[in-house]
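Data block below; observations after.
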Amino acid sequence: MKLPKLQWQIFAAYSGIILLLLVGLQFYLHPNLRRSLLDQKLQILEREIDLLAWIMQERFPGPVPEAVAPRIVGEYGRRLQLRVTLIDPTGKVLADSELDPAALSRVENHRNRPEIVESLRSGLGSSIRFSDTIKTSMIYAAKPLQRNGVFQGWLRLAVPLTDVDRTLASIRRILVSASLAGLFLALATSLAVSRWL
């Protein structure tokens, strides 16, 4: 009668250790990994926006003409696989690669968007928030456009958080699978140890 009790005690001890490790990893790894992935996305956006701002300023001697802005922004959005937005100095959205030109008149003024406000202070703004326009959470980077000291508005790039969420969900599944494997291993170990004892 003692062997089943011993088996249970060994199994419970191993299971407790595994569960503690899983909980510890979840609370420590998940937020740190999320922060790291978001930082990587932001760094990529910042490099892309610097390059695209330079290209646009080289391509157009002045502000991008409003008549061709949707086509130009749509082209850049497709090539970069990013959401590209062109905003005039008043905050009016001139073009957005994710929106049909006909829908632009219904878009709110962007002058007070967090990334826009920050870009005026530091030259480059960023934010992570839910987009009311396309109804999804996104990472944003915004940069003021200037030529010869004349402010021409903003260029903004954005990428959805779906890639980050998918990566974190995949890691979570791996941790759960590893924990289940660990529990089976704990059961097998408890049986082997109790028989040896």
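The criterion of being farther than 30 Å from Gly24 by Cα, exposed (fewer than 15 other Cβ atoms within 10 Å of the Cβ) and either at pLDDT 85 or above or more than 17 Å from the chain's Cα centre (by Cα) (or both) does not hold for Phe184. Filtered by the rule that a residue be of a type outside the set (Gly, Ala, Ser), open to solvent by 60 Å² or more (accessible area, probe 1.4 Å) and out of contact with any helix residue (DSSP H, G or I) (no Cβ under 8 Å at 6 or more places or on another chain), segment 119-145 gives Leu120, Arg121, Phe130, Asp132, Lys135.
Looking at segment 45-136, the strands (runs of 3 or more DSSP E) lying wholly inside it that each contain 1 or more residues that are of a type in the set (Asp, Glu) and at pLDDT 90 or above sit at 93-96. Output yes when any residue across segment 137-156 is polar (S, T, N, Q), modelled with pLDDT of 85 or more and under 23 Å from Asp39 (Cα atoms), and no when none is. There is at least one residue in segment 137-156 that is polar (S, T, N, Q), modelled with pLDDT of 85 or more and under 23 Å from Asp39 (Cα atoms). Mind checking whether some residue in segment 154-163 is open to solvent by 50 Å² or more (accessible area, probe 1.4 Å), touching a strand residue (DSSP E or B) at 6+ places or on another chain (Cβ under 8 Å) and farther than 18 Å from Gln40 by Cα? No, because not a single residue in segment 154-163 is open to solvent by 50 Å² or more (accessible area, probe 1.4 Å), touching a strand residue (DSSP E or B) at 6+ places or on another chain (Cβ under 8 Å) and farther than 18 Å from Gln40 by Cα.
Results for (1) within 11 Å of Leu155 (Cβ to Cβ); (2) free of Cβ contacts under 8 Å to residues at least 60 places away in the same chain, shown as yes or no for each residue.
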position	(1), (2)
Ile55	yes, yes
Arg71	no, yes
Arg78	no, yes
Val84	yes, no
Thr90	no, yes
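Per the listing Ala103, Ala95, the residue uniquely hydrophobic (A, V, I, L, M, F, W, C) and free of Cβ contacts under 8 Å to residues at least 12 places away in the same chain is Ala103.
For segment 165-178, does any single residue satisfy the condition of being modelled with pLDDT of 80 or more and either more than 22 Å from the chain's Cα centre (by Cα) or in a strand (DSSP E or B) (or both)? There is no residue in segment 165-178 that is modelled with pLDDT of 80 or more and either more than 22 Å from the chain's Cα centre (by Cα) or in a strand (DSSP E or B) (or both).
The values are calculated or read from the model by the stated rules, or taken from the named source; none is laboratory data. Just so we're clear, the structure is a prediction, and the values are computed from it rather than from any experiment. When we count neighbours, we look across all protein chains shown, and the Cβ atoms used for this are built from the backbone with ideal geometry, even at glycine. Quick note on the areas: whole protein, heavy atoms, side chains included, nothing else; ligands and nucleic acids left out. Shrake-Rupley method; radii C 1.70, N 1.55, O 1.52, S 1.80 Å.
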